[in-house]
Structures are given as C-alpha cells and as structure tokens.
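Novice: First the structure, then my questions, so here it is.
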Amino acid sequence: MFRSSDRQNKPQEQKFQMNRRKFLKAGVASALTAGMVGAMRTLPVSAAEAVASTGSSGSVNGARSKLHPKVDYGGASVRFVENNDQWLGTSQIVGTVNRTHEAEQGFNLALRGKLSSEAQVAMYHYNFVMKHPFDGALGIFSNYVSAENIVGGTPNQEKLPIPDPEQMSQNIKDTAYFLRADEVGIGKMPEYAYYSHKAPFSHEELIRDDISHSTPVTEKLPYVIVVMVDQHLETMLASTGYDGISSAQSMRGYHATAVISVILAQYIRNLGYNARAHHFANYAAAMPPVTIAAGLGELSRTGDCTVHPRLGYRHKVAAVTTDLPLLPDKPIDFGLQDFCRVCKKCADNCPSEAITHDTDMVEYNGYLRWNSDMKKCAEFRLTNSEGSSCGRCMKVCPWNSKEESWFHSAGIWIGSKGETSSRLLKQIDDMFGYGDEIIEKYKWWLEWPERYTLPKHL
Ligand code: SF4
Ligand code: SF4
C-alpha cells in the first residue's frame, strides 16, 4: 500500500515523460526496442490498419448518430456480444441475479454505520462540509436536479407515432451529443439493474439504520439510454488521483450527465412516452449493468465499475429508462477480461487495498466478477485525509486515454487482442510511466489540506 507521499517523485516522473515524448518523436525505432512492432507482426492485421480501424467496428451496431457517425473506441478492437440470460456483455451469469437495495450501496452503508464510525461521521458531513472549496452543498455537490418530478413525470397524452425505431435511436443519440454527452449508447434494460428498493431520503433515518421507509421500485421499462461524460484528461494528468480535486472531478461528470439525462427524459415524455432519469442524486437503478447493456464498457477488476475502451474509468454516466421504441446497441467486448487478468495496476495502486490481485473471478449474486471489496473503497474515499475522495484506479488504468498518438491507438488495439498482448501493453504502459506521472503544468485547482480532516462527531 502506498500513500501520496510515495507518489510525488517528480524527477522520476519527468524522466518518464521525457522518454515518452522522445519515443513518440523517434517512433518506429523506439517501437522496435519495445518489441511492439514485432508483436504486431504476429497479430492478424498491421499496426496501420489497427490505427485506421478506430471506431470502424462501431458502424455495425445499433443506430448511428449523425453528429458522431463513428464511435470512438480509442483504437481498441471491439466486437459486439449478447445481453441474454447467460451473459451481460462479457460478464457471465451463472445463477439468479437478485435486484439490490439502494441502502446496500457503499455510501449508504457508511451512513447506516455499517463501515467505521469515522466513515459514518464523514458521510454525514460529506454534503455539508467544505472539504475542498469546490465541494459542499453549495458547490459542485448541488443536487438541484434530484426531485422526483424532475427525474420522472407523466408523459404527454398525445403520442408521436414512431414508425422507425432506428431513426428514433439516431435522433436520441444526436440529442444527447447536442446536450454535450461524450458518448451515448442504448441498451435493452436488464431487469435486475433496477434496485429492489430506493433508500429513504432522510439522512437521520439512515443514521439510525432505519430503512423501513424504503420505496419499492416498480418501474419496468424495456430500454435504457446511457450518457457518458469524460472527467477531463488534463486534470487527471495533474492529479494524484486522491488529492483536492478528485471528488470535484467525479462530480463534474455526474452533474453534466445528470443535466443531460433529465432533459432527455423530459424530451421523451414530451413525445408521449414514459421516461425516467437516473443520476447521482436520484437513482432507481444501478449504473454498471446498464452501462454494459448500452455497449459503453465492460465490468472491471474493481468488481463494480465499468471500463470504457477509450476513457477507462475516466467517465461518469447517467441513464434514462424508457418505453420509446428504439433500436438497442449490443454490449461490447474489447478484451478487458483478459487484460484485467494480467494487468492488476489498479490493485497495485489502490490506497485502501480494496482491489483484489486474484487471477480468477468468483461468483457474486448470480454472476462472475473479481472479488474486490468496495466497502474498503467507500471507507477510504470518505476518510481520505490527503484530499477529497479518490480516483487513483482511474488514473493508473491503462485504458484511461492519454495524448492522442498513433502509438497510443496501436497500443490500445494490441491490448484488446488477448492475454499475451495484454501483458505487452501493460509492460509498455509501465515502461513509460503512465499512471505515475503528475504533470504540473495542468494543475489549476487550489489545495487546502487543513480542510481534509472532517469533524469527529455527527
Ligand atoms: S477509488 Fe477506491 S478502488 Fe479506486 S483506487 Fe481509490 S480506494 Fe481504490
Ligand atoms: S488497471 Fe488494469 S486490472 Fe485494473 S481495471 Fe484497468 S485494466 Fe483492469
């Protein structure tokens, strides 16, 4: 386990950065040194084809947006897979997947006193105390989009006829991009993604561990639209992953997707169809399964977060469930399961040791996943005394996109080609110091370390 002081080795980070820039200039010669081109020769198509293929595989899935006709997978080789009784994308279903109670989610467990007493106090104050000047109820945590009559509502009585679901899907994707989504996908809604119950809104009841006023979730709509927003590359490059900006980075994505989702849901209701937005301040469904269903990621080593082929963990999503006639996309397979088996960078770097180093997955609630302990993650994010929350796994994951270059696109393509090539990409990623670097020139936010220790009492 390390703390941030172990990660502030600036001279070494600058050396790596220098090497990478020289490498990118020198190009092929350095690539030969790394064995990369040699590896490419053993693979079915050339590196040039790999780079050229960026996004092309997206053209056969679902409906294409006019504004984003090519899906940007960052160079990954992507194939489309199933959402059925045996599989959700690349996650294998081996039994009955039970719907979960929102009160079992990490931060609610903290509030209910199921983690440490420190975490309970921290969670209680999280929304009210300004850990970072950007945080706090009047800062980036504002949840003005949470009300039930904003996330949902009654559809217009007059229904617009939709003779062509594919064209409607294109329109929905264009609308989401117009509203500034970075990625959008449409999935068949997995029923088990809905929570069984919503937790009580009252913090006081949760602190007493009284969940008797939980609300059963009865909605059952056939489609889910998922909107994704990048958490910002340059900020991530300048951050340790758990300093003063980490919470705000996350909330940036949450807010942006929340606003898109409530507008999109209202637009659909105006067309005469049911639609409910699900976002950070009011979910009735868990986001990882819907993200997979909509073709925007695979389940990762953390056990309950998804990785996108271009953005890695560096994204947030919100969703809209609906009965608007749509043409769903299929889940994607870009080789993450093989990659996670050999990579383990997030496990090596997790400050709370929440992420497992296991080689194999385990059965959990009727499906296979990595045996990571997200309670430890919630505990660390709440009690982090070196910043506000944490996104260290996001920073170090090789799928977290870097500077745009042929080298990076080709590397991502190699990484999506199975276990042997995954090992190679991971070695290249380590060799060039990706994930370890702190690029000072991009740092723009204030640090206020005196605020990082929260009150000791409720
Ligand atoms: S966010 Fe959680 S899982 Fe990821 S590195 Fe931090 S503590 Fe570990
Ligand atoms: S850091 Fe490596 S092991 Fe962890 S999620 Fe990313 S690819 Fe998988």
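Novice: I'm told Met189 meets every condition in (1) open to solvent by 40 Å² or more (accessible area, probe 1.4 Å); (2) under 20 Å from Pro328 (Cβ atoms) except one. Can you identify the failing condition by its number?
Specialist: Of everything listed in (1) open to solvent by 40 Å² or more (accessible area, probe 1.4 Å); (2) under 20 Å from Pro328 (Cβ atoms), Met189 misses just condition (1).
Novice: Another one. Of all residues in the range 361-371 being within 30 Å of Gly387 (Cα to Cα) and surrounded by 17 or more Cβ atoms within 10 Å (Cβ to Cβ), which is nearest to ligand 2 (Cβ to nearest atom)?
Specialist: Trp370
Novice: Can you list residue pairs whose Cβ atoms sit under 7 Å apart, with the first residue in the range 101-120 being more than 19 Å from Tyr283 (Cβ to Cβ) and the second being assigned to a loop (DSSP other than H, G, I, E, B) and open to solvent by 30 Å² or more (accessible area, probe 1.4 Å)? Count only pairs 6 or more apart in sequence or on different chains.
Specialist: Close Cβ pairs satisfying both conditions: Gly113/Asp209; Gln120/Gly113.
Novice: Regarding Ile207, is this residue more than 26 Å from Gln120 (Cα to Cα) and more than 16 Å from the chain's Cα centre (by Cα)?
Specialist: For Ile207, the condition - more than 26 Å from Gln120 (Cα to Cα) and more than 16 Å from the chain's Cα centre (by Cα) - is not met.
Novice: Name the residue, out of Thr302, Thr235, Thr306, that is touching a residue at least 24 places away in the same chain (Cβ under 8 Å), of a type in the set (S, T, N, Q) and surrounded by 22 or more Cβ atoms within 10 Å (Cβ to Cβ).
Specialist: Thr302
Novice: Go through Thr383, Thr321 for me and flag whichever is away from ligand 2 (no atom under 13 Å from the Cβ), polar (S, T, N, Q) and farther than 29 Å from Asn98 by Cα.
Specialist: Thr383
Novice: Within the range 372-391, can you find the residues that are crowded, with 22+ Cβ neighbours inside 10 Å, in contact with a Cys (Cβ under 9 Å, 6 or more places away or on another chain) and more than 19 Å from Gln231 (Cβ to Cβ)?
Specialist: Answer for the range 372-391, where residues must be crowded, with 22+ Cβ neighbours inside 10 Å, in contact with a Cys (Cβ under 9 Å, 6 or more places away or on another chain) and more than 19 Å from Gln231 (Cβ to Cβ): just Ser372.
Novice: Let me ask another. Against the condition more than 16 Å from ligand 2 (Cβ to nearest atom), more than 20 Å from Glu82 (Cα to Cα) and either assigned to a loop (DSSP other than H, G, I, E, B) or at pLDDT 95 or above (or both), how does Ser388 come out, does it pass?
Specialist: Judged against the criteria, Ser388 is a match.
Novice: Given the residues Asn143, Asn149, which is the only one that is surrounded by fewer than 17 Cβ atoms within 10 Å (Cβ to Cβ) and either free of Cβ contacts under 8 Å to residues at least 60 places away in the same chain or touching a Ser or Thr at 6+ places or on another chain (Cβ under 9 Å) (or both)?
Specialist: Testing whether each residue is surrounded by fewer than 17 Cβ atoms within 10 Å (Cβ to Cβ) and either free of Cβ contacts under 8 Å to residues at least 60 places away in the same chain or touching a Ser or Thr at 6+ places or on another chain (Cβ under 9 Å) (or both) leaves just Asn149.
Novice: Do we have any residue at all in the range 428-438 that's open to solvent by less than 40 Å² (accessible area, probe 1.4 Å), touching an Asp or Glu at 6+ places or on another chain (Cβ under 7 Å) and farther than 29 Å from Ala122 by Cα?
Specialist: There is at least one residue in the range 428-438 that is open to solvent by less than 40 Å² (accessible area, probe 1.4 Å), touching an Asp or Glu at 6+ places or on another chain (Cβ under 7 Å) and farther than 29 Å from Ala122 by Cα.
Novice: Here's another thing I want to ask about it. Report, by residue number, each residue of the range 361-378 that is near ligand 1 (Cβ under 10 Å from one of its atoms), in contact with a Gly (Cβ under 7 Å, 6 or more places away or on another chain) and either farther than 17 Å from Ser246 by Cβ or not in a helix (DSSP H, G or I) (or both).
Specialist: Correct list: Ser372 only.
Novice: Go through the range 192-216 and count every residue that is part of a helix (DSSP H, G or I) and open to solvent by 50 Å² or more (accessible area, probe 1.4 Å).
Specialist: Residues flagged as part of a helix (DSSP H, G or I) and open to solvent by 50 Å² or more (accessible area, probe 1.4 Å) within the range 192-216 amount to 2.
Novice: Out of Asp358, Asp348, which single residue is part of a helix (DSSP H, G or I), within 12 Å of ligand 2 (Cβ to nearest atom) and more than 18 Å from the chain's Cα centre (by Cα)?
Specialist: Going through Asp358, Asp348 in turn, just one is part of a helix (DSSP H, G or I), within 12 Å of ligand 2 (Cβ to nearest atom) and more than 18 Å from the chain's Cα centre (by Cα): Asp348.
Novice: Moving on to the next point. Looking at the range 278-299, which of the residues that are within 16 Å of ligand 1 (Cβ to nearest atom) and assigned to a loop (DSSP other than H, G, I, E, B) is surrounded by the most Cβ atoms within 10 Å (Cβ to Cβ)?
Specialist: Gly297
Novice: Right, Lys70: outside any helix (DSSP H, G or I), more than 22 Å from the chain's Cα centre (by Cα) and charged (D, E, K, R) or not?
Specialist: For Lys70, the condition - outside any helix (DSSP H, G or I), more than 22 Å from the chain's Cα centre (by Cα) and charged (D, E, K, R) - is not met.
Novice: Of (1) in contact with a Ser or Thr (Cβ under 8 Å, 6 or more places away or on another chain); (2) over 19 Å from Tyr452 (Cα atoms); (3) near ligand 1 (Cβ under 7 Å from one of its atoms), Arg381 satisfies all except one. Which?
Specialist: Result: Arg381 passes all but (2).
Novice: Looking at (1) under 30 Å from Trp87 (Cβ atoms); (2) in a loop (DSSP other than H, G, I, E, B), which is the only condition Gly185 fails?
Specialist: Gly185 satisfies every listed condition except (2).
Novice: Restricting attention to the range 266-277, and to residues there that are touching a helix residue (DSSP H, G or I) at 6+ places or on another chain (Cβ under 7 Å) and either open to solvent by less than 10 Å² (accessible area, probe 1.4 Å) or among the aliphatic types (A, V, I, L, M) (or both), which single residue is nearest to Thr100 (Cα to Cα)?
Specialist: Among residues in the range 266-277 that are touching a helix residue (DSSP H, G or I) at 6+ places or on another chain (Cβ under 7 Å) and either open to solvent by less than 10 Å² (accessible area, probe 1.4 Å) or among the aliphatic types (A, V, I, L, M) (or both), the one nearest to Thr100 (Cα to Cα) is Ala277.
Novice: Next question. Name the single residue, out of those in the range 309-348 being within 15 Å of ligand 1 (Cβ to nearest atom) and within 22 Å of Arg276 (Cα to Cα), that is most open to solvent (accessible area, probe 1.4 Å).
Specialist: Of everything passing the filter in the range 309-348, Lys316 is most open to solvent (accessible area, probe 1.4 Å).
Novice: Also, quick follow-up: Only one of (1) touching a residue at least 60 places away in the same chain (Cβ under 8 Å); (2) within 16 Å of ligand 2 (Cβ to nearest atom); (3) touching a helix residue (DSSP H, G or I) at 6+ places or on another chain (Cβ under 8 Å) fails for Ala378. Which number is that?
Specialist: Failing condition for Ala378: (2).
The values are calculated or read from the model by the stated rules, or taken from the named source; none is laboratory data. Being a predicted model, the structure only gives us computed values, none of them experimental. So basically every Cβ, Gly included, is an ideal-geometry build from the backbone, and we count neighbours across all protein chains shown. We work out accessible area using only protein heavy atoms, side chains counted, and drop any ligands, DNA or RNA first. Shrake-Rupley method; radii C 1.70, N 1.55, O 1.52, S 1.80 Å.
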